[in-house]
Protein chains: 6
Amino acid sequence: MQDMIRNTVQKLEENRQSEPMISSQRIMPDKAVIISIIDDLQAIIFPGYFGKITDEYSLGHLVSSVCSRLCCQIDAAAKLRGIDINAEDICRAFVEGLPEVQKTLLLDVEAGYVGDPAAAAPEEVIFCYPGLYAIFVYRIAHELYRLGVPYIPRIMTEYAHSQTGVDIHAGATIGKYFFIDHATGVVIGETTIIGDNVKIYQGVTIGALSTRGGRKLEGAKRHPTIGNGVTIYAGATILGGETVIGDNVTVGGNAFITQSIPAKVK
Amino acid sequence: MQDMIRNTVQKLEENRQSEPMISSQRIMPDKAVIISIIDDLQAIIFPGYFGKITDEYSLGHLVSSVCSRLCCQIDAAAKLRGIDINAEDICRAFVEGLPEVQKTLLLDVEAGYVGDPAAAAPEEVIFCYPGLYAIFVYRIAHELYRLGVPYIPRIMTEYAHSQTGVDIHAGATIGKYFFIDHATGVVIGETTIIGDNVKIYQGVTIGALSTRGGRKLEGAKRHPTIGNGVTIYAGATILGGETVIGDNVTVGGNAFITQSIPAKVK
Amino acid sequence: MQDMIRNTVQKLEENRQSEPMISSQRIMPDKAVIISIIDDLQAIIFPGYFGKITDEYSLGHLVSSVCSRLCCQIDAAAKLRGIDINAEDICRAFVEGLPEVQKTLLLDVEAGYVGDPAAAAPEEVIFCYPGLYAIFVYRIAHELYRLGVPYIPRIMTEYAHSQTGVDIHAGATIGKYFFIDHATGVVIGETTIIGDNVKIYQGVTIGALSTRGGRKLEGAKRHPTIGNGVTIYAGATILGGETVIGDNVTVGGNAFITQSIPAKVK
Amino acid sequence: MQDMIRNTVQKLEENRQSEPMISSQRIMPDKAVIISIIDDLQAIIFPGYFGKITDEYSLGHLVSSVCSRLCCQIDAAAKLRGIDINAEDICRAFVEGLPEVQKTLLLDVEAGYVGDPAAAAPEEVIFCYPGLYAIFVYRIAHELYRLGVPYIPRIMTEYAHSQTGVDIHAGATIGKYFFIDHATGVVIGETTIIGDNVKIYQGVTIGALSTRGGRKLEGAKRHPTIGNGVTIYAGATILGGETVIGDNVTVGGNAFITQSIPAKVK
Amino acid sequence: MQDMIRNTVQKLEENRQSEPMISSQRIMPDKAVIISIIDDLQAIIFPGYFGKITDEYSLGHLVSSVCSRLCCQIDAAAKLRGIDINAEDICRAFVEGLPEVQKTLLLDVEAGYVGDPAAAAPEEVIFCYPGLYAIFVYRIAHELYRLGVPYIPRIMTEYAHSQTGVDIHAGATIGKYFFIDHATGVVIGETTIIGDNVKIYQGVTIGALSTRGGRKLEGAKRHPTIGNGVTIYAGATILGGETVIGDNVTVGGNAFITQSIPAKVK
Amino acid sequence: MQDMIRNTVQKLEENRQSEPMISSQRIMPDKAVIISIIDDLQAIIFPGYFGKITDEYSLGHLVSSVCSRLCCQIDAAAKLRGIDINAEDICRAFVEGLPEVQKTLLLDVEAGYVGDPAAAAPEEVIFCYPGLYAIFVYRIAHELYRLGVPYIPRIMTEYAHSQTGVDIHAGATIGKYFFIDHATGVVIGETTIIGDNVKIYQGVTIGALSTRGGRKLEGAKRHPTIGNGVTIYAGATILGGETVIGDNVTVGGNAFITQSIPAKVK
């Protein structure tokens, strides 16, 4: 047994030395710390629910602690990507934006409660709904994406993805009063634009027509534009960067759409 | 940095004081405790598998411990919702029902094993299948839902949802000998009624036609009725409170159904 | 309360004594240990990323430690299934195969990076993409499946399933340079065969036509064969053991396919 | 084996029912919480050393959190003793006294540093010296003792005792600028009075002459009075409630003293 | 750095191969498990205090669980020592003896409370006094010592030693109604015999005259015999296997005794 | 309550700003990491006992991991003390010395086993004896002390002190074949020199005559010199930098010695 292990370790060591993708030691951002930041931001934004915020001191302490942890992680991520950004400036801008993000999320809660007859109270939406959780993480990650932070937005949305089955790329642009019902199996691509007052259901994809073009498409608008007041039922698939769903349109369940639909007069 | 943090904390504190949804401190049910209750009920119901039950003492100890933890959580949930229920009476009824729930779940295991050629033994169903896990949590949560407990059934089914991608509302009514194959991306709505001996596959939605009506629909039958002996293949969507799928019908993969289908004579 | 608990415990104890499926105490494989093995194999195969491998000593130590933990788990699983296998021989074969598995997975990383315009660098694929994670766990589990290990491959793939929403049966055969984009809601059945250079998207099912035949189908080829260079878009369903998708075919989004499609001349 | 266990459990159950000291279920104060309060008070009083205090928010948060945990524990302790005290008033007085306690402890640090040639810097005294730790815990516990809190002062000093081998009863009265060198094996009894600027060494006992009188002595002054500027060398034993060691006296190592010693003119 | 590490590892490896005391891999008893057994026995013997025992089920469950953990540890210890004992028989005898040990310990509590004017209630003795803790661990360990178990009694008493500074060898014989006040720095040797109703204080040694004779003395009576009703004050040292302290004698503080003292007529 | 907390926090904040000893934020060495280093060194030096070393890989991995953790801690300690040392060079020298330290410790084990008739086997000394543990930690800490590392040697010996009641200053010089029986309440000062083949018992102090001279004595030889083959019985106190105990002398229990004793002809 010892000999076999020695031989195999030697081969793995040779692979490690020769394969460029795994040969160098990287300092990666720390997933556990990033998840702790998400948890604490949830407590900061919905202070009545998670027991951590009881007065101005606990609020200030959590904000200040999130700020310093985030700063470290942004530094690590920038070093890994090889870009030169000012982690402290980014943190400042991110933290300054939190009160606005909070207000936007409270509108999302309202959309979730008003639109779901199964919700017994708004706090059930905040405390139990994976749809709201996915939107909360997206809105946080989107701020960091906008500020040019690499890796971390992705780690955040993939964490929400693994918890909820909802995969919203941090680069997507989503308006106010948004909700996802029975959140599961949802995909929203990087260059998607979604208006205000939109509701979508489980299994909806808002994606690219094809990515066999691969890396040549980097940066191009590959995902649809969704107008205001649109409803998209379960299992619908809407594809393509030039596809525009007009205001107030209702997309039926399991629909497969690759062309634009004009706005509906109310 | 300190000044920015001070300003932002002040704004967040103002939001906290002025927004009713987050301004008051709530005692929420404790998710970690509720998950521990689910874990222990799994050991009580499938005693040969999870190492916690070795004799009558360990069984009695676990039942009694689940009972007292559950009692606390029901109290917290009732206080939060502002309703007046007798947590102890509910616990009593819940615990008294466990032997029946156990028998029902053993039939579900049989359905899972008999119906899946990839299952090597019934214990693989109990120990590994997310479909059975989702059904187990649903059956537990449904008992609490029937007894009028707020929040906790939802927290339980959302936990199963995040673990399995299967979202069965605790209010749904599901008969005996039920199974979900390749459990993922499944949604079963609150007022759904499902008969005995039904099998469904991944990606199936049994949902509402539209909830744009929102809160006005609270309490209405918004989800389909599924007869006995029905099979629903992957990706099928069945919608509407008046939609009835008759006994022994087979619903094809990716089907989109908003109207009733009569029973099939065997 | 005490009397009710005493009565219920007595009934549960009677169920436990009389129901064969739960009456005997089993030594099950340990899920937590199996997850730790998956974690350590991820560090062994992608050594630059998870901080555990810094030199030949740490590599050798981790390989040797995985080997002994795996050996124990295989023993437990074999005893449970009642089969007689040599856990040490299997471990030896498994560990000897690791350098090859590593090379295959590095090709999968390349496929993921080259094919996704949203990926900023190959390391984002390794560190963040649930698609790659699901493939990594599948490739590990498949080796154990090939070597005749019961239960453990299933526990591994179900763990990946719960983390990613991707359910690849460890028995499936999958070629090189494989990738799953927006990995969620994917099902790939036990007897599926997939060629090289295949890319699939979220919500794709490669499954059986019907399993109402149940246990009689055990061992039969029940799932499709997919050729080289095939692309399968989101939500497509391909069913049946005799269904063959020819080389270089593109399967459209939400397609429902139960018959073969001939290869496409490039 | 099962039968023996059943018989033994029955006997233990009979003991439990019949022995008054163990028969009723008590809600005891929670040792782990009390230790966490000690830890946090250490960070509050020596803010530059334990990483928890970085700004006014973290300071305020920790003070407020200690205050609410302490309040709960005092309530539990009072209920257990069967006395009626206002836990909130006591907490208020205790917290208000913290800045004074802090100043006193900083003088103790100075005494420790100035008096020990082996100390390289005052922070070595704060961070490493068990003598200072025992004095810190005593000063905290003494405040609670003065305020009439049952059990908790004892739990605190016994914790310090187990960490350091120094057993200072929370009821003792100790002046400023106090230090214990090589702190281990030290006992200072409940009714001891110690002046300012006293230094003692390992193995010193300041105790009662005899407690064979037992409970009849409750409340009596049973332990010595030590003047200002006294030094007591290793292993010395000073006993008796009427024994007074005068100002500036030096008590030799291993001395055994049961009678008063007059003050020494400097 | 790598080279130095490589050289040093090689030397350490050579030491490991050549030094018989460290060359073979031993399965040692597991200290953490043994500590958990001590904790659970404390809850079994003082059921009203540690929250684990609430009814007959929890009592039975804990007894049965202690029994199986202890059985494993005894097996490991016997294998290590190379002796052939029946772990199950020993466990049986040990568990059957627990109700008697419990009664003896309740007398020790009474001795502690009655004799200490600083104790506010008997439960303070049970919950806070290191003296009682050391006696409790000794009485448990002594039972195992009597039954011929190697290593484990020592591990238990050394654990109590590190927690309290009281080092009672598990082989000592100690009568009823025993107490140690201000427990710290106490040593009681292996062949000591102590009568009923004895009270000792901090810093007391009941030891061997000399052990320079070393291993030749193994098994000999090397430690004193203490009669009934004896009190031994702080810092006293009593040495020698032929030294007998007669009934009702009081040994003064810091006394150094190597010869017998006749009994005192009351 | 809130107002009182606000006032108190303000006062504590003022203290924090104005008291130099607590006003600046220090990066302290990390006690938990230092304890983990002690634990791992114990496994490296006594490889057959703690389960971590099973082959050359695990040995090399642990050595390399201890080395990098130690390097970090030395850096932090040096920065705190404000001195400029090369942490990497020190680590190198420390690690290179480990095989020698190991050999010395194996002689200590032998001394402990041969000299204690209560020890059943040498492994009982390694696995259970606090005396050996205190010597092991001292020998490690002494190497770092010799290499000029600040703080860390002290943190190490104080940890051993809190675990065992034995306080050996890392600066003391101790020869081969050393043992402490019934280790508790022992103090050995910074400038003590102890020869080979010395055995001491509980409660022994080898200390300074007086430290009222305080910081002026820094660096002076303040503690005794003990010759080869000396035995010091329980409770003995030996004081003073000019006190020399000659070879082969036996110091009686509770002796109080401040003057030299000539060597004894064997």
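With the condition kept exactly as written, say whether any residue in the stretch F:91-99 is farther than 22 Å from C:T54 by Cβ and out of contact with any Asp or Glu (no Cβ under 6 Å at 6 or more places or on another chain). Reasoning before the result, please.
Taking the stretch F:91-99 and keeping what is farther than 22 Å from C:T54 by Cβ, we get F:97, F:99.
Going one step further and asking which of them are out of contact with any Asp or Glu (no Cβ under 6 Å at 6 or more places or on another chain), we end up with F:99.
The answer is yes, given that some residue of the stretch F:91-99 is farther than 22 Å from C:T54 by Cβ and out of contact with any Asp or Glu (no Cβ under 6 Å at 6 or more places or on another chain).
Name the one entry in E:I53, E:I85, E:I37, E:I90 that is more than 10 Å from every other protein chain (Cβ to nearest Cβ) and part of a loop (DSSP other than H, G, I, E, B). Show your work before the answer.
Values: E:I53 fails: more than 10 Å from every other protein chain (Cβ to nearest Cβ); E:I37 fails: part of a loop (DSSP other than H, G, I, E, B); E:I90 fails: part of a loop (DSSP other than H, G, I, E, B).
Only one candidate qualifies: E:I85.
Across the stretch F:104-116, what is the number of residues that are more than 7 Å from chain E (Cβ to nearest Cβ), of a type outside the set (S, T, N, Q) and open to solvent by 10 Å² or more (accessible area, probe 1.4 Å)? Even if it seems obvious, please write down each step before you answer.
Start the filter on the stretch F:104-116 by keeping residues that are more than 7 Å from chain E (Cβ to nearest Cβ), which leaves F:104-105, F:107-108, F:110-113.
Next, only the ones that are of a type outside the set (S, T, N, Q) stay: F:105, F:107-108, F:110-113.
Now restrict to residues that are open to solvent by 10 Å² or more (accessible area, probe 1.4 Å): F:107, F:110-111, F:113.
Residues meeting the conditions: 4.
Among B:A183, B:A119, B:A160, which is the only one that is open to solvent by less than 10 Å² (accessible area, probe 1.4 Å) and more than 10 Å from chain C (Cβ to nearest Cβ)?
Numbers: B:A183 fails: more than 10 Å from chain C (Cβ to nearest Cβ); B:A119 fails: more than 10 Å from chain C (Cβ to nearest Cβ).
Just a single option satisfies the conditions, and that option is B:A160.
What are the residues in the stretch E:176-194 that are over 30 Å from D:I206 (Cβ atoms) and either among the charged types (D, E, K, R) or touching a residue at least 40 places away in the same chain (Cβ under 8 Å) (or both), if any? Lay out the reasoning, then the answer.
Narrowing the stretch E:176-194 to residues over 30 Å from D:I206 (Cβ atoms): E:176, E:190-191, E:193.
Result: E:K176, E:E190, E:T191.
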For the stretch F:17-24, indicate whether the set of residues that are assigned to a helix (DSSP H, G or I), surrounded by 15 or more Cβ atoms within 10 Å (Cβ to Cβ) and either outside the structural domain of F:F136 (by TED's automatic domain parsing) or of a type in the set (F, W, Y) (or both) is non-empty. yes
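What number of residues within the stretch E:241-266 satisfy the criterion of being aliphatic (A, V, I, L, M) and either part of a loop (DSSP other than H, G, I, E, B) or on the phi > 0 side of the Ramachandran plot (or both)? First the steps, then the outcome.
Taking the stretch E:241-266 and keeping what is aliphatic (A, V, I, L, M), we get E:244-245, E:249, E:251, E:255, E:257, E:261, E:263, E:265.
Next, only the ones that are either part of a loop (DSSP other than H, G, I, E, B) or on the phi > 0 side of the Ramachandran plot (or both) stay: E:249, E:255, E:263, E:265.
Selection size over the stretch E:241-266: 4.
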Subset of the stretch D:127-157 (residues that are within 11 Å of chain F (Cβ to nearest Cβ) and either in contact with a Lys or Arg (Cβ under 8 Å, 6 or more places away or on another chain) or over 26 Å from F:A183 (Cα atoms) (or both)): D:C128
Of the numbered conditions (1) touching a Lys or Arg at 6+ places or on another chain (Cβ under 8 Å); (2) farther than 25 Å from E:L59 by Cα; (3) open to solvent by 10 Å² or more (accessible area, probe 1.4 Å), B:L62 fails exactly one; give the number of that condition. (2)
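Out of all the residues in the stretch E:222-249, which are facing another protein chain (nearest Cβ under 8 Å) and more than 20 Å from F:T237 (Cβ to Cβ)? Walk me through how you get there before you give the answer.
Step one: of the stretch E:222-249, the residues facing another protein chain (nearest Cβ under 8 Å) are E:222, E:231, E:233-235, E:237, E:239.
Passing the criteria: E:R222, E:T231.
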Have a look at D:E56, D:E14 and point out the one that is at pLDDT below 95, loosely packed, with under 15 Cβ neighbours inside 10 Å and among the acidic types (D, E). D:E14
For the stretch F:186-200, which residues satisfy the criterion of being over 15 Å from the mean Cα position of the chain (by Cα), open to solvent by 10 Å² or more (accessible area, probe 1.4 Å) and not acidic (D, E)? F:G195, F:N197, F:K199
Checking C:A32 against (1) surrounded by 14 or more Cβ atoms within 10 Å (Cβ to Cβ); (2) more than 10 Å from every other protein chain (Cβ to nearest Cβ); (3) not charged (D, E, K, R), only one condition comes out false. Which one? (1)
The residue that is farthest from D:L209 (Cα to Cα), considering only those in the stretch E:239-256 that are hydrophobic (A, V, I, L, M, F, W, C) and open to solvent by 20 Å² or more (accessible area, probe 1.4 Å), is E:V244
Selection from the stretch E:40-50 of residues that are open to solvent by less than 10 Å² (accessible area, probe 1.4 Å) and either within 13 Å of chain B (Cβ to nearest Cβ) or assigned to a helix (DSSP H, G or I) (or both): E:L41, E:A43, E:I44, E:I45
Qualifying positions in the stretch C:220-238 - open to solvent by 10 Å² or more (accessible area, probe 1.4 Å) and not in a loop (DSSP other than H, G, I, E, B): C:T225
What number goes with the only condition from (1) more than 30 Å from D:I238 (Cβ to Cβ); (2) crowded, with 22+ Cβ neighbours inside 10 Å that E:L217 does not pass? (2)
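The values are calculated or read from the model by the stated rules, or taken from the named source; none is laboratory data. Fair warning: this is a prediction, and the values are worked out from it, not measured in the lab. Positions of Cβ are generated from backbone atoms using ideal geometry, with glycine treated the same way; all protein chains shown enter the neighbour counts. SASA here: full protein model, heavy atoms, side chains in, ligands and nucleic acids out. Shrake-Rupley method; radii C 1.70, N 1.55, O 1.52, S 1.80 Å.
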